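Student: Here it is, the structure, as structure tokens.
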Amino acid sequence: MITDFCSADGDITQKGYEKKRAKLLAPYVPQTQGVDPALQKESKPQMPVPSAAPASASSSSSSSSSKFHRARSGGARDERYRSDIHTEAVQAALAKHKEQKMALPMPTKRRSTFVQSPADACTPPDTSSASEDEGSLRRQAALSAALHQSLQNAESWINRSVQGSSTSSSASSTLSHGEGKGTSGSLADVFANTRIESFSVPPDVTATTSTPSARPAAIDLPPSGIVKGMHKGSNRSSLMDTADGVPVSSRVSTKIQQLLNTLKRPKRPPLKEFFVDDFEEIVEVPQPDPNQPKPEGRQMTPVKGEPLGVVCNWPPALEAALQRWGTTQAKCPCLTALDVTGKPVYTLTYGKLWSRSLKLAYTLLNKLGTKNEPVLKPGDRVALVYPNNDPVMFMVAFYGCLLAEVIPVPIEVPLTRKDAGGQQIGFLLGSCGIALALTTEVCLKGLPKTQNGEIVQFKGWPRLKWVVTDSKYLSKSPKDWQPNISAAGTEPAYIEYKTSKEGSVMGVTVSRVAMLAHCQALSQACNYSEGETIVNVLDFKKDAGLWHGILTNVMNKLHTISVPYSVMKTCPLSWVQRVHAHKAKVALVKCRDLHWAMMAHRDQRDVSLSSLRMLIVTDGANPWSVSSCDAFLSLFQSHGLKPEAICPCATSPEAMTVAIRRPGVPGAPLPGRAILSMNGLSFGVIRVNTEDKNSALTVQDVGHVMPGGMMCIVKPDGPPQLCKTDEIGEICVSSRAGGMMYYGLAGVTKNTFEVIPVNSSGSPVGEVPFVRSGLLGFVGPGSLVFVVGKMDGLLTVSGRRHNADDIVATGLAVESIKTVYRGRIAVFSVSVFYDERIVVVAEQRPDASEEDSFQWMSRVLQAIDSIHQVGVYCLALVPANTLPKTPLGGIHISQTKQHFLEGSLHPCNILMCPHTCVTNLPKPRQKQPGVGPASVMVGNLVAGKRIAQASGRDLGQIEDNDLVKKHQFLTEVLQWRAQATPDHPLFLLLNAKGTTVCTATCLQLHKKAERIASVLCDKGHLNAGDNVVLLYPPGIELITAFYGCLYSGCVPVTVRPPHAQSLVATLPTVRMIVEVSKAACILTTQTLMRLLKSREAAGAVDVKTWPTIIDTDDLPRKRLAQIYKPPTPEMLAYLDFSVSTTGMLTGVKMSHAAVSGLCRAIKLQCELYSSRQIAICLDPYCGLGFVLWCLCSVYSGHQSILIPPMELESNLFLWLSTVSQYKIRDTFCSYSVMELCTKGLGNQVEMLKARGINLSCVRTCVVVAEERPRVSLTHSFSKLFKDIGLSPRAVSTTFGSRVNVAICLQGTSGPDPTTVYVDLKSLRHDRVRLVERGAPQSLLLSESGKILPGVKVVIVNPETKGPLGDSHLGEIWVNSPHTASGYYTIYDNETLQADHFNTRLSFGDAAQTLWARTGYLGFVRRTELTAASGGGQGGKWAQGWAEHSRAGDGHRAGAGLGRTLWGHGADALGAHRLPGVCQENRADRCQRRWAGLGGKWAQGWEGNGHRAGLGTAGLGMGTGQGLGWAGQGALGTRRRRSGRAPATWGLSGEQS
């Protein structure tokens, strides 16, 4: 291993190496001086110390709730899932739970039985880390020696170091998580065990070992399982290692070998290494149940349907059938439409249909454009936009398109610009190249219009030309014009849209021959004959409603009675009445129609269904349809309904009609039912239920395969392998009557429409292509087809399949009538931790109480757990009619899921139960034994690595003229300016119109401050040191009140005033700060004083307990006798209170010395002087925003143009126009202001140009915040406004925290801010590894600005409190003259947080510097550019708020979101800001993060009265009773319901 050291610096001798090593280490190891290292090398190796077992990890859950905008009314009821048997089963299961007295599976503390395998075992070698050269990277093998020798013998040490990759980021970096108890006192002893004579066989790094000490958790391993250049079984007794771990002969020159290795090593890692998913190394992989049922049958053979008969009078094309009936049977009725009352309003005859279709076809081809440039030509696609209550106009338009040989694409009528799924419909129209839409005059008038009367541009839609197809607008075709009706071929006939599980809309293209063959198959299966009457209750634009009621209807000269959905809502029995009145032979219905008819049966009893020979139930694919069919039959059998007439069928847009039950023979026994085990179904096998009757599923058959078709069942995932006879799979159909492709999507088409089944060995079974139907089922006895679910509703959780419909049925069976509004429940899954998790969302009845809702929710969780044996991740109730709807009123599942993931669902009641379903939590991280923090530091020095610290310019070397020497206090500076430059303007306040409403010169500010100080002394009777709350809107009054307090010796506390429109939400925060700060007086305006004492305020707080309130609107002209001068600069100047996004109120004390130091640092960094102007648009109540607004101008003398952020709500242009008008070079804003301008003005750049706004004058635009830079927002802002002159290098950020409000600020002379991409895998192990843009699992970080003068920063391990090396992630500690003095608490008990402001490094700091802990994680990277002073400038990246759990718990999870540092024992270091979440955020945005937790879970821990929640958005930290969350006064409650699941937390109450 000696060559590891040598190879870093060239080919030197052993003796030369010993000398160099001794020289390097001499300053750090005085106790070893005089000892010959060569002698120490012969020491005996010590015995290794066994390492600790992995510690346990636990998790907690969080959630949020708020309001929602109202959507369109209407909705589906629970008829699809009605099952009395299932309801009884659910009630029995719940009763069984009650007997067991166990609400839900108890959360248990999990201990890992796996040994940690590092997450970055597959991490590519770091070839671009930080700013190190190749030599420093190769020296890292030497670093391992210093870390391990103190406690482990040579053999163990060598075995471990061999596993480390020499090109990885410092292999020792993550070994510094804990200090070993037995650290060697002599550094010479550390190197005494580095003998290399006898090596044992290296351990196999690919295997999971059984002893925790066999492999350190945080050493980077080579990508392959075998160490480079060596086989697993090789003997290494005569070999040495180079820096790469490549064994070489000792006779070969090390330098030559090193050169060869360098040439062999690729500069970039292989591409495939970037795409190795490491989830198995991060999370526990659930093992399959060895007792799970497995399929035992033989491989199935495809099932054929009956041959498609040839009938002599079948037409060669569907258009030919229309021509035949239109000319020979012109007066025969074709289609009857009903009005809103359910009565026939118009009957379309075959003659009218033919003539009007002919007119439309002629108009489309000849009248829309010119003769030379027609708008439409054969083969073009057009959209058909017709309402569901106008089947006549739709039918004419559809056949008109067929006759014109253009391809119709029926879609729903858009009701608003933001319809659910409307954007995806727009994508379909765009991909089909549609530029023309056909509609009716009435429908066109009802479309949403702009103010100019034009149809609005629907979101995502292409620009369409609308054509009205009413007869009066059509041109009659000439007698010599005839449409081209050829025999049906493979050319497209029409496109039917289909919404996928993810919400994307695809167009299923149906050819003319498939359309004709499907009509023939339906005619044969249903035995249609000419002149029959059918009643169609379905949507006539798609699926079975289109196939039977529009297409097969014309082929067989049927008469269709179309019952629209709107009629069904007002008169549910209307379709039964139509069957009775017209003696209809066939009725097309869904389960909901059967259910509604049963509900309305009492209204009319004299109906007869004896004429029905087929009652086609088109959603027979729903396994819960059997209950509705049975109930309907039992009720209407007395009205003539024959049992054999009920014919369920299964359909899909791709395969069209998959199977249909043929009408039975009267008196013949009905087909049997299948009673299946749900447990077996979840494993994909068919088992007759024998164990638990509660978890049984009764399904009915959907008949036989269609005539001329062939069916097989294939596995739903992976290659299309044929299933066994007792296995559930996806139904595939081969037939001429099916879709041909997804229009424009060749890749997806091949996987769906060109499936060749294979056998168990992977060989194709035949050459006939099949079409995937999207239905799950099996073929039972007698070739009967059974469907148990759909692929779109499949939820695969931990390897088991569950059907969303089954879970909906279980939820509805739990007495849902009192809680769920109209049975509207949506079930879907979200990905969390590499697995699907079930989410249940239901609409809550308006009259349902909170108690009833939580009771129902708890019982649903129990029922699902008992019947389906699966946990629910989240169960949410939303207000009635707020879930997005489909055009026919059902729940739009994909849009609901999207709202959930975006955080815009706004539930009113919610239960999150991650402990019942997330069982693959991150593996525990093992603490490394015997590595002390001092060893880490020595290792860094030996490896030539720099300690991760940086500092700004030295204040002692820069003299700021005589101002600093003369005036120590800000009050003295103001007095001096009032005398020296009385008329110099310091402040300029603008209103929303951009006009100046108030100015303040030095003298004006001084005089008004004197008058306020006089009022405080005389009227308030205050003494020096009393706290005074300043309650003012953003403006100059706030500034004068602040200096008035300083003049009188009082301590000002600036507080954001309450909002008049939301007193209940904002006033308690004001009251809390007044109480905590122990304010003796409140200074405010007359308006706010009246508000504080108003009746509305009395409803929120006790107005009688306010301290003295003084308004400063009318001040007496009394001069102050003497201006107060503090005895020492360490006296308190003001208190800085801030409410974080986590709901934590924190107040810090700022001394006069800190104020002067801070102002001086900002003055030097930004080069501020009297002739400068800066524009400020941010809130002036805390942190750096308050300092810039109130303090800096007085100290530096520059003019501040003040823009209150609230004014931007009425004038978005205000800030940018002010910067342009005054030619401001430096401006400061907040993220909320930048976001407001980005969203509001992003599409108005041309208007900005027209107004003459030019930002080319801007040198720096600085965003002030206490959080990680929001890179995407700043980049968007720069890109949007570059067209009006904004330099891309102008936008930068500041960084501060509660302990020090200004650590970094982009100055005027420093280098431009830079961005880096870091590897998320390395971040999990506290290492910062830079990667290139676009690398998978990379995180974009932006520099947080340049460090202020006088500020020192060091990156520290928060556990050992020792400094870290470069490119290591650790807590940011800061030392500067302007650090706060400490926290201000109501009891003045600061011992709890003493080390936040005055703490020392545990080693490596001879000066014993006092540091303040920021609570943020970050790293320091040295930039190549030089600063103004000529030295290298340290850039600092704030990675987020710290998160470090106790020693031994999981990986640093959620690296992409930022992390939290929860401290040791009762000393909890609070997280001050959540990265990526603006401090002005409201609580109604908090839900966004808990919804999308995939891969970003942060494990909390409980202990010593503190409970930390999920380290994601807006969730706070509390003590004792649980968690609160808040943001700008919006407070939520977190409750634990008694008598419910012990670890299920509910969050209720709408956002205030």
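Student: Roughly how many Å² is the accessible area per residue of the stretch 1206-1359, as a whole number, for a 1.4 Å probe? Please list the in-between numbers first.
Tutor: Working: 5070 Å² over 154 residues.
Counting only protein heavy atoms, the per-residue value for the stretch 1206-1359 is 33 Å².
Student: May I ask you to give the percent of accessible area on the stretch 322-458 that is carbon plus sulfur, with a probe radius of 1.4 Å? Write down the numbers at each step before the final one.
Tutor: Working: 3020 of 5790 Å².
Its accessible area is 52 percent carbon and sulfur atoms.
Student: Using a 1.4 Å probe on the protein chains only, how many percent of the accessible area of the stretch 1258-1318 belongs to carbon and sulfur? Spell out each step's value before the answer.
Tutor: Details: 840 of 1740 Å².
Using a 1.4 Å probe with all protein chains present, the stretch 1258-1318 comes out at 48 percent carbon and sulfur.
Student: Trypsin sites (Lys or Arg not before Pro) within the stretch 1146-1255: which are DSSP loop residues with at most 12 other Cβ atoms inside 10 Å?
Tutor: Here the trypsin sites (Lys or Arg not before Pro) that fit, given the DSSP loop and packing criteria, are Lys1223.
Student: Could you sort 615-624, 299-308, 705-714 so that the peptide with the highest average Cβ count within 10 Å comes first and the rest follow in order?
Tutor: 615-624, 705-714, 299-308
Student: Could you tell me what a quarter of the Cα convex hull surface of the stretch 340-406 works out to, in nm² with one decimal place? Before the final figure, lay out the partial values.
Tutor: Details: hull surface 20.0 nm².
That works out to 5.0 nm², a quarter of the Cα hull's surface.
Student: Next question. So for Arg417, Arg824, Arg1090, what's the accessible-area order with a 1.4 Å probe, most first?
Tutor: Ranking Arg417, Arg824, Arg1090 by accessible area, largest first, yields Arg1090, Arg417, Arg824.
Student: Assuming R0 = 56 Å, what is the FRET efficiency of Glu754 and Met1206, from their Cβ-Cβ distance, to the nearest 0.05?
Tutor: Numbers: r = 61 Å, r/R0 = 1.08.
Step by step, r from the Cβ atoms, then E = 0.40.
Student: Then there is this: Roughly how many whole Å is it from the C-alpha centroid of the stretch 1067-1141 to that of the stretch 815-892?
Tutor: 48 Å
Student: Still on this structure, I have one more. Taking H as built 1.01 Å from N, whose amide H comes closer than 5 Å to the amide H of Phe987, not counting residues under 5 places away?
Tutor: Amide H neighbours of Phe987, under 5 Å, 5+ apart: Ala1000, Ser1200.
Student: Give the span of the stretch 401-463's Cα atoms along each principal axis, as three whole-Å numbers ordered largest to smallest.
Tutor: So the three principal-axis extents are 37, 25, 18 Å.
Student: Please report, as a whole percent, how much of the solvent-accessible surface of the stretch 1073-1188 comes from carbon and sulfur atoms (probe radius 1.4 Å).
Tutor: 50 percent
Student: Report the local net charge at His892: Lys and Arg +1, Asp and Glu -1, summed over other residues whose C-beta lies under 10 Å from its C-beta.
Tutor: Working: positive: Lys885, Lys897; negative: Asp419.
Charge balance in the 10 Å sphere: +1.
Student: Something else: Semi-axes of the equivalent ellipsoid for the stretch 344-465, please: Cα gyration tensor eigenvalues, times 5, square-rooted, ordered largest first, whole Å.
Tutor: Details: eigenvalues 114, 73, 35 Å².
They are 24, 19, 13 Å, listed from largest to smallest.
Student: On each of the three principal axes of the Cα atoms of the stretch 1098-1137, give max minus min coordinate, whole Å, ordered largest first.
Tutor: Extents along the principal axes, in whole Å: 44, 31, 14.
Student: Step through the residues of the stretch 513-518 one at a time and calculate ³J(HN,Hα) from phi using the Karplus curve (6.51 cos²θ - 1.76 cosθ + 1.60, θ = phi - 60°), rounding each to whole Hz and writing x for Gly and Pro.
Tutor: In residue order, the calculated couplings are 6, 5, 4, 5, 5, 5 Hz.
Student: Sorted by packing (mean other beta-carbon atoms within 10 Å per residue), highest first, where do 728-738, 1062-1072 land? Don't jump to the answer; show the numbers that get you there.
Tutor: Working: 728-738: 24.1, 1062-1072: 19.2.
Peptide ranking by packing, descending: 728-738, 1062-1072.
Student: Give me the Kirkwood hydrodynamic radius of the stretch 1080-1120 in Å, from all C-alpha pairs, to one decimal place? Don't skip to the end; give the middle numbers.
Tutor: Numbers: mean 1/r = 0.0884 Å⁻¹.
By the Kirkwood definition, the hydrodynamic radius is 11.3 Å.
Student: According to the Kirkwood expression over distinct Cα-Cα pairs, how big is the hydrodynamic radius of the stretch 1319-1363, in Å? List each step's numbers first, then the result.
Tutor: Numbers: mean 1/r = 0.0767 Å⁻¹.
13.0 Å is the Kirkwood radius here.
Student: How long are the semi-axes of the equivalent ellipsoid of the stretch 570-645, defined as square roots of 5 times the Cα gyration tensor eigenvalues? Whole Å, largest first. Can you show the working numbers first?
Tutor: Details: eigenvalues 61, 39, 27 Å².
One finds semi-axes of 18, 14, 12 Å for the stretch 570-645.
Student: Same structure again: Mind checking Rg over Rh on the stretch 1044-1154, alpha carbons, Kirkwood formula for Rh? Show your work: numbers first, answer last.
Tutor: Details: Rg = 15.7 Å, Rh = 15.7 Å.
Rg divided by Rh gives 1.00.
Student: Which peptide among 1370-1379, 1123-1132 comes first, and what is the full order, when sorted by highest mean count of other Cβ atoms within 10 Å? Let's see the in-between values first.
Tutor: On the way: 1370-1379: 24.0, 1123-1132: 14.4.
Top to bottom by mean Cβ count within 10 Å: 1370-1379, 1123-1132.
Student: Another question, if that's okay. Which percent of Cα-Cα pairs in the stretch 374-431 sits in each 5 Å bin, short to long?
Tutor: For the stretch 374-431, the binned pair fractions read 4, 17, 24, 22, 19, 11, 3 percent.
The values are calculated or read from the model by the stated rules, or taken from the named source; none is laboratory data. Predicted, not measured: the structure shown is a model, and the values here were computed from it. All Cβ positions, glycine included, derive from the backbone under ideal geometry; neighbour counts span all protein chains shown. The area values use the complete protein model at the heavy-atom level, side chains included, leaving out ligands, DNA and RNA. Shrake-Rupley method; radii C 1.70, N 1.55, O 1.52, S 1.80 Å.
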